[in-house]
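**Q** Once you've had a glance at the structure underneath, I'll fire off some questions.
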Amino acid sequence: MAEPTYLDYAATTPVDPRVRDRMLAALGRDSGFGNPAAVTHAFGRAAARQVEQAAAEVAALVHADPAYVVWTSGATESDNLAVIGGALFRRQRGRHVVTVSTEHKAVLGACAELERRGFAVTYLQPDRDGIVAPQAVAAALQPDTVLVSVMHANNETGVIQDIAAIGAICRQADVLFHVDAVQSAGKLPLDIAAQCIDLLTVNAHKACGPKGIGALIMNPVTVRRVEPLLWGGGQQRGIRAGTLPVHQIAGMGETFRLLAQEMATEVPRIRQLRDTLWDGIRDLPGVVLNGHPERRIGSILTVSVAGVEGESLRYAVNDLAVTSGSACNSASGEPSYVLRALGRSDAMAEASLRLSLGRFSSAADVARAIASLRAGIQRLQALSPEAPAA
Ligand code: PLP
């Protein structure tokens with residue numbers, strides 16, 4: 001059987017060969033294998049230069065200060081460090097946090113941990129399009145609120161939140177604002193000063209970089225420290241101990257350099273492919289789009305199909321590498337909590353497909369996907385008594 005067509009870029013992405021080359025170079029004996037903290041000798045200094053270069057490349061994409069890029073093992077750790085570390089750092093001021101029910105589990109899990117540690121968390125509900133009104137965030141703030149965490153673009157639906165407006169509200173109230181921008185980095189403009197972001201989560205593997213590396217980017221005008229989650233050798237100003245993985249960091253630097261370089265051409269190209277995909281299936285009876293019709297990043301298309309069963313739907317298109325909801329949710333087998341929060345029934349949340357495109361997606365991939373989806377959905381609906389009439 002031919003290899004399935006890859007349409008799961010929101011879960012992870014193939015590593016760009018240019019990123020791989022830079023990582024391999026960083027692993028070479030003569031290219032600075034040293035410990036970047038060992039600046040007393042040339043090996044350490046060469047490694048430190050690679051880390052500095054990567055920090056500058058990552059910071060440039062979001063207009064941040066490279067000195068305040070904290071390297072982590074990925075976005076899960078960055079989200080935990082921001083939410084738990086940020087809230088604990090400000091715990092003398094209060095013990096209330098605001099977030100949204102459709103956040104990634106890395107944020108929701110960190111909020112649950114804060115609740116176990118005596119914090120109160122308000123979980124805002126988005127509207128049926130997946131959007132949280134900035135006014136709802138303002139209304140949820142209390143005198144003891146210390147942190148608000150709202151993601152930029154949702155990983156299941158691609159829906160975009162108005163982070164600049166929410167950021168302005170938080171800044172006015174002197175509340176820390178954390179944004180998970182894993183799905184939007186390199187796809188939407190990000191500027192931590194202009195958007196009033198205090199803590200920003202990014203990673204490499206959703207953008208054609210390696211897994212196992214991410215960053216928490218801090219805005220030093222408003223926050224220079226959070227409580228650490230890891231204790232050790234005091235690296236990264238004591239915020240995140242551990243010897244820096246130079247090859248991973250170099251890979252993330254190259255990933256972000258390429259995002260900045262190619263954003264202007266790649267973003268419209270991928271959006272066009274995504275729109276062609278939607279146009280190719282939207283007339284099928286029972287097929288509905290999940291999330292706001294326009295306010296979505298251009299790489300994700302999430303649809304539900306009425307009258308068919310989720311498992312059969314995925315089986316019917318098994319020549320496409322796609323997930324139902326997020327990759328994490330597919331593992332749990334539960335219907336997506338994100339789609340449920342948008343008012344979808346269990347059945348519609350179950351019978352959903354997230355189709356996500358990226359750098360190596362082509363018009364041929366989209367044509368194959370349309371053919372497979374049309375054939376698969378029509379075949380299932382012909383067999384189903386509950387299927388909507390054509
Ligand atoms: N946040 C969002 C929005 C994501 O899509 C993901 C990916 O699953 C994560 C966080 C976690 O990222 P990582 O795999 O780097 O821990």
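The values are calculated or read from the model by the stated rules, or taken from the named source; none is laboratory data. Keep in mind that what you see is a predicted model, and the values were worked out from it rather than measured. Don't worry about glycine lacking a Cβ; one is built from the backbone with ideal geometry, like all the others, and counts go over all protein chains shown. Protein only, heavy atoms only, side chains kept; ligands, DNA and RNA dropped before computing areas. Shrake-Rupley method; radii C 1.70, N 1.55, O 1.52, S 1.80 Å.
**Q** Report whether or not residue 179 is under 19 Å from residue 110 (Cβ atoms) and either away from the ligand (no atom under 13 Å from the Cβ) or in a helix (DSSP H, G or I) (or both).
**A** no
**Q** For the range 85-105, which residues satisfy the criterion of being within 19 Å of the chain's Cα centre (by Cα), under 21 Å from residue 215 (Cβ atoms) and open to solvent by 10 Å² or more (accessible area, probe 1.4 Å)?
**A** Answer for the range 85-105, where residues must be within 19 Å of the chain's Cα centre (by Cα), under 21 Å from residue 215 (Cβ atoms) and open to solvent by 10 Å² or more (accessible area, probe 1.4 Å): 104, 105.
**Q** When the range 19-31 is examined, which residues are found to be over 22 Å from the mean Cα position of the chain (by Cα) and outside any loop (DSSP other than H, G, I, E, B)?
**A** Those that are over 22 Å from the mean Cα position of the chain (by Cα) and outside any loop (DSSP other than H, G, I, E, B): 21, 22, 23, 24, 25, 26.
**Q** Oh, and also: Suppose we filter 176, 216, 230 for residues that are at pLDDT 95 or above, crowded, with 24+ Cβ neighbours inside 10 Å and over 30 Å from residue 268 (Cα atoms); which single one remains?
**A** Answer to the check: 176.
**Q** Starting from the range 32-53, keep only residues that are in contact (Cβ under 8 Å) with a residue 12 or more places away in the chain and open to solvent by 80 Å² or more (accessible area, probe 1.4 Å), then list their pairs with residues that are of a type outside the set (S, T, N, Q) and assigned to a helix (DSSP H, G or I) whose Cβ atoms are within a distance under 8 Å, requiring at least 6 positions of separation or different chains.
**A** So the pair list comes out as 33/43; 33/47; 33/246; 52/66; 53/250; 53/253.
**Q** Could you please give the count of residues in the range 223-271 that are under 27 Å from residue 189 (Cα atoms) and hydroxyl-bearing (Ser, Thr, Tyr)?
**A** The total comes to 2.
**Q** Only residues that are surrounded by fewer than 18 Cβ atoms within 10 Å (Cβ to Cβ), under 19 Å from residue 285 (Cβ atoms) and not hydrophobic (A, V, I, L, M, F, W, C): list them for the range 354-390, please.
**A** Those that are surrounded by fewer than 18 Cβ atoms within 10 Å (Cβ to Cβ), under 19 Å from residue 285 (Cβ atoms) and not hydrophobic (A, V, I, L, M, F, W, C): 374, 378, 379, 384, 385, 386, 388.
**Q** Further question on the same structure: Name every residue in the range 3-18 that is more than 16 Å from the ligand (Cβ to nearest atom) and either closer than 20 Å to residue 259 by Cβ or assigned to a helix (DSSP H, G or I) (or both), in order of residue number.
**A** Result: 6, 16, 17, 18.
**Q** Let me ask another. Does residue 241 meet the test of being touching a Gly at 6+ places or on another chain (Cβ under 6 Å) and assigned by TED's automatic domain parsing to the domain that holds residue 60?
**A** So residue 241 passes the test.
**Q** For the range 55-84, which residues satisfy the criterion of being more than 16 Å from the ligand (Cβ to nearest atom) and either in a helix (DSSP H, G or I) or open to solvent by less than 10 Å² (accessible area, probe 1.4 Å) (or both)?
**A** Matches in the range 55-84: 55, 56, 57, 59, 60, 61, 66, 67, 68.
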